[in-house]
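The values are calculated or read from the model by the stated rules, or taken from the named source; none is laboratory data. The shown structure was predicted, so the numbers you read here are calculated from the model rather than taken from an experiment. With ideal geometry, Cβ positions are generated from the backbone for all residues, glycine too; neighbour counts draw on all protein chains shown.
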Amino acid sequence: MKQLIECVPNFSEGRDAAKVDALVAAMSAVTGVAVLDREMDADHNRCVITLAGEPDAVAEAALRGVGRACDLIDLTRHSGAHPRVGATDVVPFIPVDGVTIEDCVALARRVGREIWERYRVPVYFYEAAALRPQCANLENVRKGQFEGLREEAPRNPERAPDVGGPALHPTAGATVVGARKFLIAYNINLNTQDVEIAKKIAKAVRFSSGGLRYAKAMGVDLRARRLAQVSINMTDFEQTPLHRAFEMVEREAKRYGVMIVGSEIVGLVPQKALDMSADFYLQLENFSAAQVLENRLAAAREGRPLDSHGGLAAMARPILEAVAAPTAAPGGGSVAALAGALGACLGQMVAQLSRQKKSQAQFAEQLSSARAELRRAGETLAKAIDEDAAAYEGVMAAFKLPKGTPEEQQKRAEAIQQATRGAAEVPLRVAETAAVLLGQLGQLERMISPSMMSDLRVGRLMAAAAVRGALENVAINLESITDAAYVKTMRARTAAIEEEVAAAKVAAG
């Protein structure tokens with residue numbers, strides 16, 4: 001299988017087009033790498049370049065970009081609205097096809113070491129590649145920016161680089177390398193020059209201050225445009241979609257008597273992210289990706305079906321083959337999560353179709369709310385399909401650790417126990433989500449069109465199967481865990497789920 005990753009290096013140069021051209025030229029010279037996009041921002045004084053290709057080629061392109069940035073960018077002469085610690089500020093690797101996040105972590109670590117070896121630029125690892133918990137969050141690494149970190153890193157071990165140093169490169173600073181899911185850089189501009197208002201709104205939006213779960217935000221002064229900006233990184237657009245961030249910024253802005261004058265996406269954005277916003281704002285009924293002209297044309301060129309009303313067996317076949325393959329993962333836990341996700345999808349369908357019927361008009365608002373809740377449950381369960389498989393692979397990796405010495409044996413035993421806990425906790429979350437889903441589907445019975453009752457009841461059966469299957473996976477993993485207190489707590493949670501399911505069945509009659 002061909003492997004495909006994305007890399008989105010951010011360089012501290014957004015005003016000199018010739019320098020950005022040189023960066024692009026250095027990276028695009030690597031065979032097998034495509035430069036998909038380049039964005040320059042003079043206020044931020046930063047450019048974002050999107051690369052894609054096979055892992056080794058993309059890694060080499062990123063390395064060459066770092067080297068060229070060392071030649072061209074002097075942070076001692078740099079200023080801009082965006083925080084930065086390096087000439088090449090961040091280098092994230094993102095899995096696209098045939099690659100896992102763990103593969104990208106390994107690649108990030110290798111590239112980080114090579115940056116130090118080639119260019120003597122120290123490196124911090126962040127997000128999934130972080131070696132220290134405090135470095136997982138990029139804003140912690142950037143605290144104090146280049147100037148502050150240059151003073152603190154040599155004398156404070158907590159701020160020292162992960163590779164190289166402890167002193168920063170005199171002009172190129174440090175580079176932060178990591179692995180993460182797809183991130184959308186989304187900026188919202190306000191009709192005010194008061195950056196303090198933007199900062200207050202950003203505080204309300206970002207998760208670290210109690211805001212949206214998958215949003216990081218800061219207030220930025222766009223002096224050249226005489227605007228203040230709320231600059232947001234959306235780290236999981238399926239859980240926290242673009243329109244939710246827009247709505248929250250708009251609501252918070254009204255508190256200060258200001259308005260949104262526009263928003264922008266920096267770099268590339270998945271089609272699904274735009275489809276979700278279109279669905280939310282336009283209230284499109286029965287909309288599918290097959291209705292997008294470009295999707296239909298691409299399918300025709302590639303000779304594959306793209307029809308929301310056909311080709312379902314072809315769409316399902318990869319999942320069926322993966323489950324049937326003679327490998328331990330995906331296994332029962334993933335199948336349980338899939339069953340729950342399908343149950344949630346049936347509920348969404350029934351709620352949406354019923355909402356459109358005149359006979360159910362009195363329930364329209366409740367059905368819309370139920371559909372949104374079912375979508376969130378379905379997304380959670382869909383993610384758990386991969387999470388369960390990854391958890392099991394973690395257990396297998398722990399068993400493969402060396403055991404030649406007593407120390408290695410101890411380390412291996414601890415790793416096995418930790419991984420087995422993860423293998424129990426993922427299906428427990430599936431069971432908890434599916435149990436709530438079962439109740440939600442039951443509540444729909446009084447609101448939906450009678451002609452759709454069979455669909456709804458199939459959804460409930462799928463949710464019940466998800467609960468039962470997930471709990472079986474919890475039970476078998478608990479048998480291998482030696483911490484009696486932990487096992488007792490987990491079994492108490494499974495008992496509570498059993499009670500919730502029983503109550504849901506009674507309530508539904």
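How about segment 69-80: which of its residues are surrounded by 22 or more Cβ atoms within 10 Å (Cβ to Cβ) and within 24 Å of Arg223 (Cβ to Cβ)?
Once the filter is applied, which keeps residues that are surrounded by 22 or more Cβ atoms within 10 Å (Cβ to Cβ) and within 24 Å of Arg223 (Cβ to Cβ), segment 69-80 yields Ile73, Leu75.
For segment 68-127, give me each residue that is among the polar types (S, T, N, Q) and out of contact with any helix residue (DSSP H, G or I) (no Cβ under 8 Å at 6 or more places or on another chain).
Thr76, Ser79
Give the residues of segment 13-32 that are surrounded by fewer than 20 Cβ atoms within 10 Å (Cβ to Cβ) and in contact (Cβ under 8 Å) with a residue 60 or more places away in the chain, sorted by residue number.
Passing the criteria: none in range.
From Lys403, Lys411, which residue is surrounded by fewer than 18 Cβ atoms within 10 Å (Cβ to Cβ), charged (D, E, K, R) and part of a helix (DSSP H, G or I)? Don't jump to the end; show me each part of the working.
Numbers: Lys403 fails: part of a helix (DSSP H, G or I).
Just a single option satisfies the conditions, and that option is Lys411.
Could you go through segment 40-55 and let me know if any residue there is assigned to a helix (DSSP H, G or I), of a type outside the set (D, E, K, R) and touching a residue at least 40 places away in the same chain (Cβ under 8 Å). Lay out the reasoning, then the answer.
In the first step, residues of segment 40-55 are kept if they are assigned to a helix (DSSP H, G or I); the result is 55.
Filter once more, so that each one left must be of a type outside the set (D, E, K, R): 55.
Then keep just the ones that are touching a residue at least 40 places away in the same chain (Cβ under 8 Å); that gives 55.
Yes - at least one qualifying residue is present in segment 40-55.
Take segment 339-372 and flag every residue that is out of contact with any helix residue (DSSP H, G or I) (no Cβ under 6 Å at 6 or more places or on another chain) and crowded, with 16+ Cβ neighbours inside 10 Å.
Within segment 339-372, Met349, Leu353, Phe363, Gln366 qualify.
Answer yes if at least one residue in segment 7-22 is assigned by TED's automatic domain parsing to the domain that holds Arg77, assigned to a strand (DSSP E or B) and not hydrophobic (A, V, I, L, M, F, W, C), and no otherwise.
yes
So Leu227 ticks every box in (1) closer than 27 Å to Ser79 by Cβ; (2) crowded, with 21+ Cβ neighbours inside 10 Å but one. Which box is left unticked?
(2)
In segment 387-418, what residues are more than 24 Å from Val487 (Cα to Cα) and either in contact (Cβ under 8 Å) with a residue 24 or more places away in the chain or not charged (D, E, K, R) (or both)?
From segment 387-418, those more than 24 Å from Val487 (Cα to Cα) are 400-408; that's our starting set.
Selection gives Leu401, Pro402, Gly404, Thr405, Pro406.
Test of understanding: among Val66, Val35, which residue is touching a strand residue (DSSP E or B) at 6+ places or on another chain (Cβ under 9 Å) and buried (at least 21 other Cβ atoms within 10 Å of the Cβ)?
Details: Val35 fails: buried (at least 21 other Cβ atoms within 10 Å of the Cβ).
From the options Val66, Val35, the qualifying one is Val66.
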